[in-house]
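What follows is a set of notes on a single structure, which appears directly below.
Laboratory data are not the source of any read-out in this text; all were calculated from the coordinates shown. These numbers were taken from a predicted model, which means no experiment stands behind them. Counting neighbours? That spans all protein chains shown, and the Cβs are built from the backbone with ideal geometry, glycine included.
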Amino acid sequence: MKGITFAEPLYLYLLIVIPAMVAFYFFKQQKANASLRVPGLDPFAKAGITFRSYLRHILFAFRTIAIALLIVILARPQVTDRFQDISTEGIDIVLALDISGSMLARDFKPDRLEASKNVATEFISGRPYDRVGLVVFSGESFTQCPLTTDHAVLINLMREIQSGMIEDGTAIGNGLATSVNRIKDSEAKSKVIILLTDGVNNRGEIAPVTAAGIAKTFGIRVYTIGVGTQGMAPYPVQTPYGIQYQDMPVEIDEAVLKEISETTGGKYFRATDNDKLIQVYNEIDKLEKSKIDVRQFNRKEEKYFVPALLAFCLLALEILIKNTLFKNLT
């Protein structure tokens, strides 16, 4: 068949045992030919080669071909030159992630930042046809990864994020403006920003509401997520004895986050623990679905069934003939 490749081609080296088996078989047949002393060959002149004499060689051929087919199956033959038309979802998304010091609070497990990274990673993995980018912010903001479909690279960059990479603070407006700048020129039908923060805007040159207005101008929807439990949470505090955790009130500017989402046609969510954060991303995942047609090339299809069936039939024939026609032979 055209375009067959092997996922485990090294197994094909085992085919070298086939000529070795054939050579050994013929050598064994030569050694097995018995000699008989007779006064003449006339009594055997009319004795031809019987069907059963041929058939015993066919049994060996069956077994040899079956072994060769089993080796081919181990090498996993695949067809890779096929394609299929599928309908799937695809949009452009920028994740804007707060990495300020307060994101190390322990009301999430292991903390807010790691929980947010883990859930965002699962979200990215579940949208293989989307272009996704990543912006981080605290006192300032910068692009950690531009829009890309190479999600492996994006996830690796996500894992490298740490609090303290940039000056501390919470510049929500700057983080949103940087995200808008990254996605505004996209030609996608749907452009989305998911902004996650746990605090109140206290740094930056751009007000959050101003950045929301810019996003609206470019037709960008912004989903905002407030991360933090209700009431008090253990925050990291620098003391003469090192970092210690003290219970402090959770302060999230929900009014501003709601205004950002309402201005842009998005939605505001509050996540108070790990499970709620997962639910938030699941809901956003359901909300943002736009159908596109994709022609997917190089779809791999395993082709082991036919050789497996042939190998089974050959082995079954060998066993059947051996236990019927040759049953009384030793």
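Excluding same-chain residues fewer than 8 positions from LYS191, which aspartates and glutamates have a Cα within less than 17 Å of its Cα? Of all the aspartates and glutamates, those that pass the test against LYS191 - Cα under 17 Å, at least 8 places apart if same chain - are GLU89, ASP92, ASP130, GLU262, GLU283, ASP285, GLU288.
Of the peptides 303-314, 61-72, 231-242, the order by per-residue mean of other Cβ atoms within 10 Å, starting with the highest, comes out as 61-72, 303-314, 231-242. Are any of the pairs LYS117/LYS258; LYS117/LYS216; LYS189/LYS276; LYS184/LYS276; LYS109/LYS189; LYS28/LYS303 more than 25 Å apart by Cα-Cα distance, and if so, which? Checking Cα-Cα distances, LYS117/LYS216; LYS189/LYS276; LYS184/LYS276; LYS109/LYS189; LYS28/LYS303 exceed 25 Å. Available extension along the chain between GLU205 and PHE142 is 21.3 nm, counting 0.36 nm per residue and deducting the alpha carbon span.
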